[in-house]
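Working notes for the structure below.
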Amino acid sequence: MNRHIIIIYFVLFLFTIHLVVAIESLPASEKQVWRSTQIINEHGLSNSAVNSIYRDSKGYMWFGTWDGLNRYDGKNIKTFYPDIFDQHAISNNIIR
């Protein structure tokens, strides 16, 4: 093996060990748990082309699509559409 490759692997190994030790030394309140879920049209998403994603202070995930604004609470999706008779509704179904 080339000597440079061995040095690179060694440095990456040290960096990984340092990172693991740094994360494990964080207090529990500063550790974040990441969970991913695939949300598709069959789950209630108004359009599979998501233009924007936002997480609010209450933990809701908001997805702007080409066909409405979707709010996801971890289990259910509520979709908001424009409504000319509701002054509080969104003004357009395209959310960027």
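The values are calculated or read from the model by the stated rules, or taken from the named source; none is laboratory data. Just so we're clear, the structure is a prediction, and the values are computed from it rather than from any experiment. Note that each Cβ is placed from the backbone with ideal geometry, even for glycine, and that neighbours are counted across all protein chains shown. Only protein heavy atoms, including side chains, enter the accessible area calculation; ligands, DNA and RNA are left aside. Shrake-Rupley method; radii C 1.70, N 1.55, O 1.52, S 1.80 Å.
Does GLY59 qualify as being at positive phi and touching a residue at least 24 places away in the same chain (Cβ under 8 Å)? Please lay out each step first, then the result.
Details: at positive phi: yes; touching a residue at least 24 places away in the same chain (Cβ under 8 Å): no.
The answer is no for GLY59.
Selection over the range 53-73 of residues that are in contact with a strand residue (DSSP E or B) (Cβ under 8 Å, 6 or more places away or on another chain) and of a type in the set (Gly, Ala, Ser) gives a count of 2. Within the range 81-92, the set of residues being touching a residue at least 12 places away in the same chain (Cβ under 8 Å) and either open to solvent by less than 50 Å² (accessible area, probe 1.4 Å) or closer than 23 Å to SER36 by Cα (or both) comprises just one member, ILE90.
Please specify each residue of the range 61-77 satisfying the condition of being out of contact with any helix residue (DSSP H, G or I) (no Cβ under 8 Å at 6 or more places or on another chain) and surrounded by 12 or more Cβ atoms within 10 Å (Cβ to Cβ). Working first, answer last.
First, pick out the residues of the range 61-77 that are out of contact with any helix residue (DSSP H, G or I) (no Cβ under 8 Å at 6 or more places or on another chain): 61-76.
Answer for the range 61-77, where residues must be out of contact with any helix residue (DSSP H, G or I) (no Cβ under 8 Å at 6 or more places or on another chain) and surrounded by 12 or more Cβ atoms within 10 Å (Cβ to Cβ): MET61, TRP62, PHE63, GLY64, THR65, TRP66, ASP67, GLY68, LEU69, ASN70, ARG71, TYR72.
Checked against (1) at pLDDT below 85; (2) open to solvent by 80 Å² or more (accessible area, probe 1.4 Å), LYS58 passes all but a single condition, namely (1). Checked against the criterion of being modelled with pLDDT of 80 or more, over 24 Å from the mean Cα position of the chain (by Cα) and either surrounded by 10 or more Cβ atoms within 10 Å (Cβ to Cβ) or not small (Gly, Ala, Ser) (or both), the candidates ILE6, ILE53 yield just one match: ILE6.
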